[in-house]
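> One structure is given below, represented as structure tokens, and several questions about it will come after.
The values are calculated or read from the model by the stated rules, or taken from the named source; none is laboratory data. Small disclaimer: the values here were computed from a predicted structure and weren't measured. Virtual Cβ from ideal backbone geometry, glycine too; neighbours counted across all protein chains shown.
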Amino acid sequence: MKTVRTQTIHRTAATTILFGILFIILLAFTGCGEDSSVNNNTGGNTEGNTSMSVKLDESITGSNYPVITEAKALITEVELETEPSGTSHEIHISPVVIYFNTGGQIVSVAAGNLPSGSWNKIKLKIHKPEDTEPIPDPEFREGTSGNQRYSFIIKGTYNGNPFVYKSRKSAGIIINLNAPLNTGNGSRNITLLVNPSLWFINNGNVLDPGNSSNDDLIDDNLKNSFKRAFRDDNKDGQPDDN
């Protein structure tokens, strides 16, 4: 009788251990799935049939204009829209940072999958992050106060003195494509041209980025500097022949 009870105990223990091992394996696979989902939703995704790139368009001239050494913007909600129906489709939704190349090279920003269609507009948002929103660059949030969260950061020198300009404004941007973008047959890329020579100028006068009274004018200039968008599958900064 004692032997039977001992064998039963051993079988129960073995079964418990087996279920424990299976549970750990299942948990590990579940964890891997969750990590993949999180990684796919963070900024900088460059996979999909439609992508977006950005290029600083104009060279900056004038000895008294600020020298820009670094510029970056936090954006979100990149989507394409078709008219006249107003149908829109997102290619990116979570925050991603545009690290502008001050030498004029094109920078790949985001990508996603669009259904077959003809698209006329690209829409995005220059985005000041929420208090606890995950962002790919911590410099855009220095604290929980609204005055400590930023959407656009520009660094450089003005009259020989270093400056860091940080915009606290969020802004929606809508740009009409120069020609409809047709999707459904191969991959497509859209290039946005941004004109930095507009950032610190007003009616021909240079705006001191260190003077806070210029903030509203500079913030408007940042939004308005997103001026053109076009199909650019080979990413050479020039519109493709349609």
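> Would you check if there is a residue in region 140-148 being loosely packed, with under 13 Cβ neighbours inside 10 Å, touching an Asp or Glu at 6+ places or on another chain (Cβ under 6 Å), modelled with pLDDT under 95 and hydroxyl-bearing (Ser, Thr, Tyr)? Explain how you work it out, then say what you get.
Restricting attention to region 140-148, the residues satisfying the condition of being loosely packed, with under 13 Cβ neighbours inside 10 Å are 142-147.
From what is left, the residues that are touching an Asp or Glu at 6+ places or on another chain (Cβ under 6 Å) are 144.
Filter once more, keeping what is modelled with pLDDT under 95: 144.
Cutting the leftovers down to hydroxyl-bearing (Ser, Thr, Tyr) gives us 144.
Yes, region 140-148 contains at least one residue that is loosely packed, with under 13 Cβ neighbours inside 10 Å, touching an Asp or Glu at 6+ places or on another chain (Cβ under 6 Å), modelled with pLDDT under 95 and hydroxyl-bearing (Ser, Thr, Tyr).
> Another one. Go through region 150-167 residue by residue and tally those that are at pLDDT below 95 and not polar (S, T, N, Q).
The total comes to 1.
> (1) on the phi > 0 side of the Ramachandran plot; (2) touching a Leu at 6+ places or on another chain (Cβ under 6 Å): which one isn't true of Ser151, the others all being true?
Every condition holds for Ser151 apart from (1).
> Could you go through region 156-163 and let me know if any residue there is in contact with a Pro (Cβ under 9 Å, 6 or more places away or on another chain) and of a type in the set (Ser, Thr, Tyr).
Filtering region 156-163 for residues in contact with a Pro (Cβ under 9 Å, 6 or more places away or on another chain) gives 156-159, 163.
If we keep only those that are of a type in the set (Ser, Thr, Tyr) too, we end up with 157-158.
Yes, region 156-163 contains a residue that is in contact with a Pro (Cβ under 9 Å, 6 or more places away or on another chain) and of a type in the set (Ser, Thr, Tyr).
> I'm trying to understand the selection: among the residues of region 127-139, which are at pLDDT 95 or above and either part of a loop (DSSP other than H, G, I, E, B) or crowded, with 18+ Cβ neighbours inside 10 Å (or both)?
Within region 127-139, just Asp137 meets the criteria.
> Name the strands (runs of 3 or more DSSP E) wholly inside region 156-209 in which the number of residues that are under 14 Å from Leu80 (Cβ atoms), out of contact with any helix residue (DSSP H, G or I) (no Cβ under 7 Å at 6 or more places or on another chain) and assigned by TED's automatic domain parsing to the domain that holds Gly112 is 1 or more.
On the way: elements: 161-167, 171-183, 188-194.
Per the criteria, 171-183, 188-194.
> Need pairs with beta-carbon distance below 7 Å; first residue touching a residue at least 40 places away in the same chain (Cβ under 8 Å) and under 21 Å from Ile98 (Cβ atoms) and within region 181-203, second surrounded by 16 or more Cβ atoms within 10 Å (Cβ to Cβ) and among the acidic types (Asp, Glu); sequence gap 6+ or separate chains.
Here the result reads Asn189/Asp232; Ile190/Asp232; Thr191/Asp232; Leu193/Asp57; Val194/Asp57; Asn195/Asp57, each pair linking region 181-203 to a residue that is surrounded by 16 or more Cβ atoms within 10 Å (Cβ to Cβ) and among the acidic types (Asp, Glu).
> Say whether the condition of being more than 22 Å from Val67 (Cβ to Cβ), touching a Phe, Trp or Tyr at 6+ places or on another chain (Cβ under 8 Å) and crowded, with 17+ Cβ neighbours inside 10 Å is met by at least one residue in region 200-221.
No.
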